[in-house]
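First the structure, in the form of structure tokens, and then the observations on it.
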Amino acid sequence: MIVRTLKDCENSERNVEGGNWKSVRMLLKDDKMGFSFHITTIRANTETPIHYQNHLESVYCISGNGEVETVEDGKVYPIEAGTLYILDQHDKHLLRGGSEDMIMACVFNPPITGKEVHDENGVYPLVDEAG
Ligand code: 9YT
């Protein structure tokens, strides 16, 4: 069994700063679980374009508020504590922090590798257009 605390992971290289967001990667590919698990903070009053072309992701809001827009149809979904959004179609989306930071629990299949994420397909619009 593996046991980790958020606090320990925050004080390690698992804690990654992304500008509009920060993410603590508590479980990664090398744990060989078939998924990865992240506690991500989406900062208030930000908008981040995301397109996970190679991964499925579920995102559960623990606290805070914001919204997610699916780019293809322009639909906007409010997010608050207790909301789960599920990117089952590799949906291109815009994630917006509201008046407060959002704390999210995120699961990826296949799992994220630390390396891959610095080169994350689609988090940056340029990468997305090139792809
Ligand atoms: C909300 C969301 O998509 N989180 C993804 C994880 C984060 N971008 C990371 O760990 O790189």
Using the Karplus curve 6.51 cos²θ - 1.76 cosθ + 1.60 with θ = phi - 60°, what ³J(HN,Hα) values do you get for each residue of segment 79-89, in whole Hz, with x for Gly and Pro?
10, 9, 3, x, 7, 10, 10, 10, 8, 7, 10
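Let me spell out the model: positive unit charges on the Cβ of Lys and Arg, negative unit charges on the Cβ of Asp and Glu, origin at the Cα centre of segment 6-109. What dipole size does that give, in debye rounded to 20?
Numbers: 10 positive and 17 negative charges, 47 e Å.
With Lys and Arg at +1 and Asp and Glu at -1, about 220 debye.
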Relative contact order for the chain: what percent, with Cα pairs under 8 Å and sequence separation of 6 or more?
29
What's the extension gain from Gln53 to Lys7 if we count 0.36 nm per residue and subtract their Cα-Cα distance?
13.5 nm
Using helices alone, what [θ] at 222 nm do you get for the chain, with -39,500 (n - 2.57) per DSSP H run of 4 or more residues, divided over all residues and rounded to the nearest 500?
-2000 deg cm²/dmol
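In what order do Leu6, Leu56, Leu95 fall by count of nearby beta-carbon atoms within 10 Å, going from fewest to most? Please list the in-between numbers first.
Details: Leu6 12, Leu56 15, Leu95 23.
Lowest to highest Cβ neighbour count: Leu6, Leu56, Leu95.
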The chain -> Rg/Rh from Cα coords, Kirkwood Rh, value 0.94
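For Asp73 and Thr46, what is the calculated FRET efficiency with R₀ set at 22 Å and r taken between the beta-carbons, to the nearest 0.05? Write down the numbers at each step before the final one.
Details: r = 22 Å, r/R0 = 1.01.
That pair, Asp73 with Thr46, gives E of 0.50.
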Of the candidates Ile62, Ile79, His38, the farthest towards the positive dipole end of segment 6-109 (Lys/Arg Cβ +1, Asp/Glu Cβ -1, centred on the Cα centre) is His38
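Taken together, the values in this text are just the output of simple stated rules run on the coordinates, not laboratory data. If you're wondering where the values come from, they're calculated on a predicted model, not measured in any experiment. Cβ atoms come from the backbone with ideal geometry, glycine included; neighbour counts cover every protein chain shown.
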